[in-house]
Amino acid sequence: VSMMTGVNVTVSPAMGNLSGDCNQPSEIEETNSVCITNCPIADDKDANHSAYESSNKSSDEESISPFGIGDRCNVLWRDNKSYLPCEIIECRPKDCNILDGSKSNLISQLLPDVLKNIRRASQLEYYVHYINHDRRLDEWVTSLERFDLSTLDRLTDRVARENSVATESNKTAQSTGGCVPNKRRTDVPGNSTGRDSRNQRRRSNNHQLSASATSSDGNKSSSGVTGGASSVDQQHNFSSSSNDRSLAALEHEHETMTRVKNITKIEMGKYEVEAWYFSPYPAEYTGIEKLFVCEYCLKYMRLPSTMRRHVSECQLHRPPGQEIYREKNLSVFELDGKEHRMYCQNLCLLAKLFLDHKTLYYDVDPFYFYIVTEVDSQGAHIVGYFSKEKHSADDYNLACILTFPQYQKCGYGKFIISLSYELSKREKKVGSPEKPLSDLGKISYRSYWTYMLMDVFSKQAKECKNWSIRDISSYTAIKVEDIISTLQSLDMIRYWKGQHVVYVRNPSVEEYIKNRKRIRLCDNQYLSWIPHSERKKGIAGNSSEDHTSLDASLK
C-alpha cells in the first residue's frame, strides 16, 4: 500500500495575505519552518522519506493535520449527542485565499507551492464517510472539535494489522499442511463487481463520454476511447479477462471520482434541496455552494440572476412529450429519450444527485421516461420519474426510479411503481425492476409487493378460490421470482410432503388489511396509454384533445 504521509517544507517569514475570491483574508503567523505530517499530497519515495524525518522533529512544531486520507476516527453526529465511526475521504482548506488560483481545492490535488500556504490544522476541513451508513450522509466536518482523537485509527496501523493477520494465517496453513484461500479484494481494480452485463456495458459507454452535458447555453462536448485484442487465436479468453479487468478498473475509477459530492445543494422552484451524491455536471457548474435548476425545462445555472432571467423567458411550463395520465392535480407525461434528448439528459444529471448507483447520463435514446407532476395554475411541477427500456431482453418494466426529496413521504413512490405495472398489464406482460435496487428502492418495492399480495389473498379468501403463484403473477403483472422472494420474507413458504407450498393464515391477512395504511396507486381508468407495439405510426398514446386542454388550463 502506498502511503501518502507528508512532506517537510520551509516557509519564509512575513508571507502576508494571498489574493483570492474570498472576502476574509488569511491570517498567517511568521515562522521559519513547519512540520507537515499525514497530509495526503504525496506518494513518492522522497515524500515518505521526509515524513520519516519529520517524525523526529520536536513536539513543539505544529502538526498541520492529525488525519490522513483513509484514517478512521469517531466523530460527533449531527444530534450533538452520539459519536459514529467514520473514514476520512478527503480534506480541503477552509479559506479559499489559500488556494492562490489553484483549479482544485482538494488537498490530494494541490501543488506543493499552494500547499505551503496551509499552516494550521484549523485551516482544513475533512470530508468523512460514516462507516456502515449510506453515502448520502457523507459530509464536510469543519471543526476538529467534533473528532474524538482518542479513537484515531491510522491507515498504516490498519494495514499493518491486516498484513500481520495474513502472515500468521499463512504460517498456520503451512504448519498444518493446509491452504488458506485468498480473499478477493473488491476495492481495487482487477476484481469483477458481478453486476449484469447490461449495467457494465452502460457504465463503460458512459465512462467514454466526457463529463459534460447540455447546459443552459446549449454547449456540448464528448470524447471516447478505443481498444482491441491482439491475438486472434486467444481472442475469446483474452477478451473475456481483459474486459473483466477493464470493467473492474472503470468501476474503481468511478467510485474514486464520485466519492466526494461536487454540488452541495440545488434550488428548484420554491425548494432548496441538499444534494446526496456526486453528479457529473460540467466542471464549471461544480464546486459551488448552490446550483439553480429550472423545474420546467431542467436547465441548470450557476447564478441567481441568470436563473431569474431564465424564469422570465422560459416558455415551458410542463414536461415535453405526451400526457398519458391525469387524476385531479396529478399528471404523468411520456417522453421518448431520442426525441427529447436534452431534457432527458438534464433529468438524468439532476437525478444522479439523489441516486448513488445510477450510471445512465447521456445515452438516453434507448429509453422512455415517465415524468410525474403536480399541476397548479403556474404549471406542472416535477415530482419524480421512472425510466424504462424500449426493448428489454430481461422483461424489466423499470430501469430507474426517483421521487425527489421535497416530495418524499407523500406516497408518490408507490404510485410510480404501480404505474409501471399498469403499463405492463396493458402490454399483457409481467415485469420486474432492474436489479440491483438501491436501499430505498428495495424498501419501496417490498412494501408494494406485500400490499398487492395481501390484497390478492384477501380477495381469494372471500371468493373461496385457490390461486397459484402464476395466477397471482398474471393478475398483478409481478414476476414470479419477486412474488416468491416476498412470500419468503413474510414466512409464507413452507415445505410440505416433499414440495414447497404457499402457507397463508387468514387471520394474519385480515390483521394486515385492517391495519394497513392506504397508499396512492395508479387508477387504470385515468390512464390513457396504448402499448407502442400496438400503435400505428404517427398515433400517440393519448388524444390531442386532452393534451390541448392541459395547455389551456396552464395558460
Those residues that are free of Cβ contacts under 8 Å to residues at least 40 places away in the same chain and over 30 Å from Lys358 (Cα atoms), I need them from region 124-144; list them, please.
Ser143
Cβ pairs under 8 Å, 6+ apart, first in region 298-320 and among the β-branched types (Val, Ile, Thr), second assigned to a loop (DSSP other than H, G, I, E, B):
Thr306/Ser216; Val311/Cys294
Could you please find all residues in region 380-395 being out of contact with any Lys or Arg (no Cβ under 6 Å at 6 or more places or on another chain) and open to solvent by less than 40 Å² (accessible area, probe 1.4 Å)?
His381, Ile382, Val383, Gly384, Tyr385, Phe386, Ser387, Lys388, Glu389, Ser392
Taking Tyr296, is it closer than 24 Å to Phe415 by Cβ and not in a loop (DSSP other than H, G, I, E, B)?
no
Run down Val273, Val293, Val260 and say which single residue is open to solvent by less than 30 Å² (accessible area, probe 1.4 Å), more than 30 Å from Gln378 (Cβ to Cβ) and touching a residue at least 40 places away in the same chain (Cβ under 8 Å).
Val260
Complete set of residues in region 509-519 that are open to solvent by 60 Å² or more (accessible area, probe 1.4 Å) and either under 12 Å from Leu453 (Cβ atoms) or not in a helix (DSSP H, G or I) (or both):
Tyr512, Arg516, Lys517, Arg518
Among (1) part of a strand (DSSP E or B); (2) crowded, with 17+ Cβ neighbours inside 10 Å, where does Glu374 come up short?
(2)
In region 521-537, which residue that is in a loop (DSSP other than H, G, I, E, B) and modelled with pLDDT under 90 is least open to solvent (accessible area, probe 1.4 Å)?
Arg535
Working only within region 66-85, note down all residues that are outside any strand (DSSP E or B), within 16 Å of Ile131 (Cα to Cα) and open to solvent by 10 Å² or more (accessible area, probe 1.4 Å).
Ile69, Trp77, Arg78, Ser82
Within region 272-282, is there a residue that is outside any helix (DSSP H, G or I), of a type in the set (Phe, Trp, Tyr), within 17 Å of Cys344 (Cα to Cα) and at pLDDT 95 or above?
no
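So that you can scan it fast, the table gives a plain yes or no per residue for (1) among the β-branched types (Val, Ile, Thr); (2) at pLDDT 90 or above; (3) touching a strand residue (DSSP E or B) at 6+ places or on another chain (Cβ under 9 Å); (4) more than 21 Å from Asp138 (Cβ to Cβ):
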{"residue": "Ile69", "(1), (2), (3), (4)": "yes, no, yes, no"}
{"residue": "Cys73", "(1), (2), (3), (4)": "no, yes, yes, no"}
{"residue": "Pro93", "(1), (2), (3), (4)": "no, no, yes, no"}
{"residue": "Asp100", "(1), (2), (3), (4)": "no, no, no, yes"}
{"residue": "Ile107", "(1), (2), (3), (4)": "yes, no, yes, no"}
{"residue": "Lys116", "(1), (2), (3), (4)": "no, no, yes, yes"}
{"residue": "Leu124", "(1), (2), (3), (4)": "no, no, yes, no"}
So in region 349-365, with the set limited to residues that are modelled with pLDDT under 90 and open to solvent by 30 Å² or more (accessible area, probe 1.4 Å), which one is nearest to the chain's Cα centre (by Cα)?
His357
Residues of region 321-348 satisfying the condition of being outside any strand (DSSP E or B) and either of a type outside the set (A, V, I, L, M, F, W, C) or open to solvent by 50 Å² or more (accessible area, probe 1.4 Å) (or both):
Gly321, Lys328, Asn329, Gly337, Lys338, Glu339, His340, Arg341, Met342, Tyr343, Gln345, Asn346
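The values are calculated or read from the model by the stated rules, or taken from the named source; none is laboratory data. Small disclaimer: the values here were computed from a predicted structure and weren't measured. Here the Cβ is made from the backbone with ideal geometry for all residues, glycine too, and neighbour counts use every protein chain on show. Quick note on the areas: whole protein, heavy atoms, side chains included, nothing else; ligands and nucleic acids left out. Shrake-Rupley method; radii C 1.70, N 1.55, O 1.52, S 1.80 Å.
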